[in-house]
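Student: One structure, pasted below without further comment.
The values are calculated or read from the model by the stated rules, or taken from the named source; none is laboratory data. Owing to the predicted nature of the structure, the values given are computational and were not obtained by experimental measurement. Cβ coordinates were reconstructed from backbone atoms using ideal geometry, including for glycine residues, and neighbour counts include every protein chain displayed. Heads up: the accessible areas ignore ligands, DNA and RNA and are worked out on the full protein's heavy atoms, side chains in. Shrake-Rupley method; radii C 1.70, N 1.55, O 1.52, S 1.80 Å.
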Amino acid sequence: MASSMFLSFSSSLPSSPLPRPETNYKNKSKPHPPNSFLFPCAVAAAVPSSISDKKRQRHWKEGEYPGLSHDFIPGSSKKTPLRNLKKKLHRKNNAKAWVCTVTETLSDCILKKQWLQALQVFEMLRDQPFYQPKEGTYMKLLVLLGKSGQPHRASQLFQEMVQEGCELTTELYTALLAAYCRNNLIDDAFSVLNQMKTLPRCQPDVFTYSTLIKACVDASRFDLVESLYGEMEERLITPNTVTQNIVLSGYGKAGKFEQMEKVLSGMLENTASKPDVWTMNIILSVFGNKGQIDMMEKWYEKFRNFGIEPETRTFNILIGAYGKKRRYDKMSSVMEYMRKLQFPWTTSTYNNVIEAFADVGDAKHMEYTFDQMRAEGMKADTKTFCCLINGYASAGFFHKVISSVQLAAKFGIPENTSFYNAIISACAKAEDLMEMERIFKRMKDKQCQPNAMTFSIMVEAYRKEGMNDKIYDLEQLKQELINNGYFI
């Protein structure tokens, strides 16, 4: 029964054709191509009247001068006819229309995190005669590719940018370094850092080092963190609050609470890196994610005593932590407190509540929260639908999983790795391995990189059915991706 329900899963996911910009012209006649302006063919000098041919057809009206503008005729105050101005503006608008359409489409793709479509539109833009390389465009694309798990494409784009003669800056190099860091390619990131040191105008700054430190922290390479701190000191670069927060978070996630408190104490003593609300949020997240509610509440009070005021994200962290421990009474209290202080409920607020009910398969309250979210005009995101899919699958409502996928397509929700993992997990719970394989194939076709969770879900599904050959194929694919530089 469950198997038949999942036959429409693949068809529920939308196709993503390249959006082709179109220009609408009110005039049905063929517009002039860009940069093609029409000038009247006329004689530059006046012909003596004595030799004028009476039969010659006149190409201009009485009072008009061939080959000369009224602006250049002394004593003339006659202006260009209005209809000529309209034609000229029409030609200019036609020339600009394609530029605006392509650039707007590119911006839209970047905003929607559609990296493949963004690159395709960018190639179309580069083929146009009016194209000029801009640092801002490359910066946005490098950031998008890094966040989309495409560090090698980011590197290729960077090389193309260099070949186009775009002026290199510290910010552009940092964007490339960040693309490597986001995908755990630490050696490549250090190579970029070393290259920056050799370029006088592209010297690494505190943001460059903070980005690299975060990658080392996430990989638990705390030895490299200390090395980078030493290098910053040699270059007289002072770690700021952002840098310290990154290290603080890393120690907390690794369970190194003594080092975490040491860093926090240093921040309290140093005027250059005073703790802020982000510091507060990091500490609360560390204990909240570990389910240590008492410690989380204790540190909340400490930060309040330091004079740090909570923000919306702070309350969202508390709501998420209470929800995971099924402390629904405290979760509701925080939400009421937010209303009282006029803090807005955000998408993250609703996501945390939906996730709390989804984790226990409480479809009824999950749906109620989602309906309330939509009623208040709050925009759902990818995490919202991941939670809905997981919740319905846990409750055994697989037909509602399909409707959630269709609704996500209708809303234009970006399909990332987490989204596909949620659908693959739902297929596994429904024991529909054929549909699971189809979703996995679509995931790869859409250039969406599978991660450790993807392989874990599928391996477990195959193991239950004793399909060792399928497990072997997955392990081979996983190793191939690792060899190609992808972090799994």
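Student: Need a quick list: helices (runs of 4 or more DSSP H) entirely within region 200-284 having at least 2 residues that are surrounded by fewer than 22 Cβ atoms within 10 Å (Cβ to Cβ) and within 29 Å of the chain's Cα centre (by Cα). Working first, answer last.
Tutor: On the way: elements: 206-218, 222-234, 241-253, 257-269.
So the answer is 206-218, 222-234, 241-253.
Student: In region 462-488, which residues are hydrophobic (A, V, I, L, M, F, W, C), more than 18 Å from T417 (Cα to Cα) and touching a Leu at 6+ places or on another chain (Cβ under 9 Å)?
Tutor: Step one: of region 462-488, the residues hydrophobic (A, V, I, L, M, F, W, C) are 467, 471, 474, 477, 481-482, 487-488.
Remaining after also requiring more than 18 Å from T417 (Cα to Cα): 467, 471.
Residue satisfying the conditions is M467 alone.
Student: Can I413 be described as assigned to a helix (DSSP H, G or I) and β-branched (V, I, T)?
Tutor: On the way: assigned to a helix (DSSP H, G or I): no; β-branched (V, I, T): yes.
So I413 fails the test.
Student: Moving to a separate point now. Which of the residues spanning region 174-199 are within 23 Å of P133 (Cβ to Cβ), open to solvent by less than 60 Å² (accessible area, probe 1.4 Å) and not small (G, A, S)?
Tutor: Matches in region 174-199: T174, L176, L177, Y180, V192, M196, L199.
Student: Select from region 105-114 the residues that are open to solvent by less than 20 Å² (accessible area, probe 1.4 Å) and within 11 Å of the chain's Cα centre (by Cα) and list them in ascending order. Quick ask: steps written out before the conclusion?
Tutor: Of all residues in region 105-114, those open to solvent by less than 20 Å² (accessible area, probe 1.4 Å) come to 106, 109.
If the condition is that a residue be open to solvent by less than 20 Å² (accessible area, probe 1.4 Å) and within 11 Å of the chain's Cα centre (by Cα), then C109 is the only one that fits.
Student: Six or more apart or on different chains, Cβ under 9 Å: which pairs go from a residue in region 251-267 that's touching a residue at least 40 places away in the same chain (Cβ under 8 Å) to one that's β-branched (V, I, T) and open to solvent by less than 70 Å² (accessible area, probe 1.4 Å)? Could you list them?
Tutor: From residues that are touching a residue at least 40 places away in the same chain (Cβ under 8 Å), there are no pairs.
Let's see how each residue does on (1) open to solvent by less than 50 Å² (accessible area, probe 1.4 Å); (2) over 19 Å from S148 (Cα atoms); (3) in contact with a helix residue (DSSP H, G or I) (Cβ under 9 Å, 6 or more places away or on another chain):
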residue	(1), (2), (3)
C386	yes, no, yes
T417	yes, no, yes
A426	yes, yes, yes
D432	yes, yes, yes
E437	no, yes, yes
M453	no, no, yes
I457	yes, yes, yes
R463	no, yes, yes
L474	yes, yes, yes
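Student: While we're looking at this one, here's another question. Could you please give the count of residues in region 149-173 that are open to solvent by 20 Å² or more (accessible area, probe 1.4 Å) and in contact (Cβ under 8 Å) with a residue 60 or more places away in the chain?
Tutor: 1
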